[in-house]
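Structure, as structure tokens:
The values are calculated or read from the model by the stated rules, or taken from the named source; none is laboratory data. As the structure is a prediction and not an experimental result, all values here were calculated from the model. Glycine gets a Cβ as well: all are built from the backbone with ideal geometry, and neighbour counts include every protein chain shown. Please note that ligands, DNA and RNA were not included when accessible areas were found on the heavy atoms of the full protein model with its side chains. Shrake-Rupley method; radii C 1.70, N 1.55, O 1.52, S 1.80 Å.
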Amino acid sequence: MYKIVNKRQLGSQIYLMDIEAPRVAKSANPGQFVIVKMDEKGERIPLTICDYDRDLGTVTIVFQTLGESTKKMAQYEEGEFFSDFVGPLGMPSEFVKEDIDELRKKNILFIAGGVGTAPVYPQVKWMFNNDIKVDVIIGTRTKDTLILEDEMKAVAGELYIATDDGSYGYKGMVTNLLKDLVEKEGKKYDLVVAIGPMIMMKFVCQLTKELNIPTVVSLNPIMVDGTGMCGACRVTVGNEVKFACVDGPEFDGHLVNFDEAMRRQAMYKTEEGRAILKIEEGDTHHRPGCDCE
């Protein structure tokens, strides 16, 4: 059993929880995720790790109440327990393995969209803890839907906020802000890391390709069971079939077939759509070695 030691509401449908999970906290790295089950019969919910404290033995998750399972999760209070809290899963961010001195020479920009701010935060915090200054753009619909601003301010070199309606910070999309930073303010970036809605990551990658900036994206939005066996996280990267749960969730954004991924995401929601995908994709529908139906 895994105890909820802290809970707070970040927005109208967004919640943060600190979970007592010492073994997960001990091994967690930026970019990885966990699978949460509220009870024995509960749905498996994959959630990217927002933060972890090895000393306290806690792992922080942030989730949005979109379906029945997450709505039920939001009703849990401090002191209550989850049945399962499995992780860390997935591959850590590539920079965790890189030479720190070489990383310090790079100008890195993180772009977070909406709830994607949660998985961006541990990466930026890791950079800060290793004396690496990075810039961050957070894009959201309005000021009211902005999350983790204070936390991000504490670890980012420069923090830029973009709202669709102009109620706070820059008015417009994150792509427009990035273009202004590069073309009008003379910013130079060696790497962009973008995490957020699929459509946002697609257009960020289109722009960074034009600007000749290598870009990493996290495909956590397409994960369902967290093992690659259900086939939901199947994606084509550089003409190769990958499964975000086990091969990612981070990939070279310039190689991801976003149109295919978004089509699959929509089709996978219905039984008819899943049947069509199974026929279209044949042996590549599931992860190799899986005989699940």
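The rows are residues; the columns are (1) assigned by the TED database to the domain that holds G196; (2) at pLDDT below 90; (3) in a loop (DSSP other than H, G, I, E, B).
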{"residue": "K7", "(1), (2), (3)": "no, no, no"}
{"residue": "D18", "(1), (2), (3)": "no, no, no"}
{"residue": "D39", "(1), (2), (3)": "no, yes, yes"}
{"residue": "G42", "(1), (2), (3)": "no, yes, yes"}
{"residue": "T48", "(1), (2), (3)": "no, yes, no"}
{"residue": "D51", "(1), (2), (3)": "no, no, no"}
{"residue": "I61", "(1), (2), (3)": "no, no, no"}
{"residue": "S69", "(1), (2), (3)": "no, yes, no"}
Original post:
List the pairs whose first member sits in the range 1-28 and is touching a residue at least 24 places away in the same chain (Cβ under 8 Å), whose second member is among the polar types (S, T, N, Q) and surrounded by fewer than 15 Cβ atoms within 10 Å (Cβ to Cβ), and whose Cβ atoms are under 8 Å apart, counting only residues at least 6 apart or on separate chains?
Top reply: M1/S83; Y2/S83; Y15/Q9; L16/N6; L16/Q9; M17/N6; D18/N6
Original post:
Which of the residues spanning the range 120-131 are open to solvent by 10 Å² or more (accessible area, probe 1.4 Å) and either without any contact (Cβ under 8 Å) to a residue 40 or more places away in the chain or in contact with a Cys (Cβ under 8 Å, 6 or more places away or on another chain) (or both)?
Top reply: Y121, F128, N129, N130, D131
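Here are some residues: V136, V115. Which one is in contact (Cβ under 8 Å) with a residue 40 or more places away in the chain and among the β-branched types (V, I, T)? First the steps, then the outcome.
Numbers: V136 fails: in contact (Cβ under 8 Å) with a residue 40 or more places away in the chain.
Testing whether each residue is in contact (Cβ under 8 Å) with a residue 40 or more places away in the chain and among the β-branched types (V, I, T) leaves just V115.
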Subject >> Selection from the range 163-183 of residues that are in a strand (DSSP E or B) and either buried (at least 19 other Cβ atoms within 10 Å of the Cβ) or within 23 Å of the chain's Cα centre (by Cα) (or both) >> reply: T163, Y170
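Please tell me if I4 is under 22 Å from G113 (Cα atoms) and either open to solvent by 50 Å² or more (accessible area, probe 1.4 Å) or among the hydrophobic types (A, V, I, L, M, F, W, C) (or both). Lay out the reasoning, then the answer.
Values: under 22 Å from G113 (Cα atoms): no; either open to solvent by 50 Å² or more (accessible area, probe 1.4 Å) or among the hydrophobic types (A, V, I, L, M, F, W, C) (or both): yes.
So I4 does not fit the description; no.
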**OP:** Take the residues in the range 89-114 that are modelled with pLDDT under 90 and among the hydrophobic types (A, V, I, L, M, F, W, C), then tell me which one is farthest from G186 (Cα to Cα).
**Re:** L89
